[in-house]
Every structure is written in structure tokens, then in C-alpha cells.
Amino acid sequence: MTINGMKCTSCGKIAQPDRLRFQGIEIDGWRCNCGEDYFDPEQAQRILLLNKVRSKEYEVTIGQIRSNLIIRIPTELAEALDFHKGEKVHLKAESENSLHVEASSL
């Protein structure tokens with residue numbers, strides 16, 4: 001990779017930074033004039049993990065710390081959603097037994 005781009009393995013020219021669609025989600029990458037696309041490997045890996053956890057259902061136990069109820073988020077799910085300790089999230093009740101969680105930084 002160079003500062004302005006990445007050497008294309010197909011034609012040898014420099015692929016330029018661009019936003020590319022990977023499995024329906026826009027991520028960083030490089031696009032060459034010959035038609036080759038190169039995805040940012042960390043972002044692509046996160047999308048693959050996100051698609052994996054979307055097909056799963058997690059059962060967690062509600063705990064308590066002092067007067068607050070807590071829900072632990074499984075590591076695999078936290079990694080896929082890019083959640084980190086200390087990060088603020090928004091909670092919204094969607095129905096009488098459904099909760100929506102969204103990271104503030106998204």
C-alpha cells in the first residue's frame with residue numbers, strides 16, 4: 001500500500017482510495033481503473049462477523065449491580081457491533097417486551 005493508494009495485483013497500477021460496497025454495506029477500500037476492488041480487511045472482517053451474528057439468537061441473564069439491572073453483551077456480538085467498555089448507547093422500548101439498543105457513535 002502507498003500513501004495515495006495500493007498497487008493493483010492484476011495490472012500493477014495504483015488503485016485509489018474509495019468507498020466500496022461489501023455485502024451490501026459501504027466500507028473503505030481501493031478501486032483500480034482495471035476494475036479490481038480491494039476492501040479494507042479490518043472493515044470487511046467486521047462485516048463478515050456482523051452477518052454471522054445476525055443469524056444467531058443470544059440468551060442472556062439479567063443481573064444487578066446495586067439498584068441497576070444489567071445485561072451482559074456476549075463478546076462475539078460486541079465485536080460485531082463495535083461496542084466498547086465505557087461507550088454510550090441509546091436504549092428505546094419498542095414494545096412491552098422488546099428493547100432497541102444503538103451505539104451513540106454510529
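Read the figures in this text as sums done on the coordinates, not as results from a lab. Since the structure is predicted, the reported quantities are computational estimates derived from the model, not experimental observations. Methodologically, a virtual Cβ is constructed for each residue, glycine included, from the backbone with ideal geometry; neighbour enumeration extends over all protein chains shown.
Lys13 fulfils the conditions (1) among the charged types (D, E, K, R); (2) surrounded by 10 or more Cβ atoms within 10 Å (Cβ to Cβ); (3) within 23 Å of the chain's Cα centre (by Cα) except for a single criterion, (3). When we screen Ile14, Ile65 for residues that are of a type outside the set (S, T, N, Q) and closer than 30 Å to Leu99 by Cα, the only hit is Ile65.
Of the residues Leu99, Leu69, Leu91, the single one that is closer than 27 Å to Ile25 by Cα and surrounded by fewer than 10 Cβ atoms within 10 Å (Cβ to Cβ) is Leu91. For segment 72-87, a residue qualifies if it is closer than 28 Å to Ile27 by Cβ, part of a loop (DSSP other than H, G, I, E, B) and touching a strand residue (DSSP E or B) at 6+ places or on another chain (Cβ under 8 Å), and the qualifying residues are Asp82, Phe83, Glu87. Against the test of being farther than 30 Å from Cys8 by Cβ and either touching a strand residue (DSSP E or B) at 6+ places or on another chain (Cβ under 9 Å) or not basic (Lys, Arg) (or both), the options Ile47, Ile62 yield a single qualifying residue, Ile62. Could you please give the count of residues in segment 1-53 that are assigned to a loop (DSSP other than H, G, I, E, B) and within 28 Å of Glu76 (Cα to Cα)? Residues that pass the stated criteria total 3.
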